[in-house]
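Presented below is the structure to which this report refers.
Bear in mind that the values in this text are calculations on the coordinates, not laboratory data. Given the structure is predicted, the values throughout are model-derived calculations rather than measurements. As a convention, Cβ positions derive from the backbone with ideal geometry for all residues, glycine included, and neighbour counts pool all protein chains shown.
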Amino acid sequence: MVDAIVEAESADPSEDTSAAEIVGRVAILSDLLHRHFRDLLVEHGLEPGLFDVLAALRRADPDGITPSELSRTTLVTSGGMTKRLDRLERAGLVKRGGRAADRRAVPVALTAKGRRLIDRALAEHHAAKRDLLAGIPEGEQRKIADGLRTVLLQLGTKLP
């Protein structure tokens, strides 16, 4: 698919199209993986945004972190984070610390129910990743991971 698009758009057959091929394949891969993992999360009653918050809390200090820290960690606006935390709190998956005038300063932590859910979801999430890549030899997986890291580091200096 990418090869056909790149070939059709290339004005010069001798032109190096590797950049277009990389970007095109990463875009398609991103979309396919997003759909696959979204469907997996639905089985746990989650959606990607809620999963990201629970996973960030799972990695955080057990006493919790502030919504502002969560926003920075997950790259979500403070308004978006408030909505996600409200939903997770109503579901009994997170708890907020003492009540302060500014809710952005109140630590948020997983409840026992939230910890059990994210532990199960993460285990399945990681197993699904391994299954998806099972046909690619380990050495080749390492080369792909290193190459993608290089691309991300390069783009990180060029994109906002």
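Taking the chain as a Gaussian network, where each spring joins two C-alpha atoms under 10 Å apart, which residue of Val26, Val76, Val106 fluctuates the most? Fluctuation is largest for Val26.
Listed by chain and number, the lysines placed with their C-alpha closer than 24 angstrom to that of Lys158 are Lys143; residues fewer than eight positions away on the same chain are left out. Per-residue ellipticity at 222 nm, computed for the chain from helices alone with -39500 (n - 2.57) per DSSP H run of at least four residues, works out to -21500 deg cm²/dmol. GNM remark for the chain: springs join alpha carbons under 10 Å apart, and the peak mean-square fluctuation among Leu41, Leu29, Leu85 falls on Leu29. Would you look at the GNM of the chain, springs on alpha carbons closer than 10 Å, and say which of Ala55, Ala127, Ala11 moves the most? Looking only at Ala55, Ala127, Ala11, the largest GNM fluctuation is found for Ala11.
Distance from the Cα centroid of the stretch 71-92 to that of the stretch 1-45 is 30 Å (rounded to whole angstrom). Projecting the Cα atoms of His34, Gly97, Gly139 onto the charge dipole of the chain (Cβ charges, centred on the Cα centre) puts Gly97 farthest toward the positive pole.
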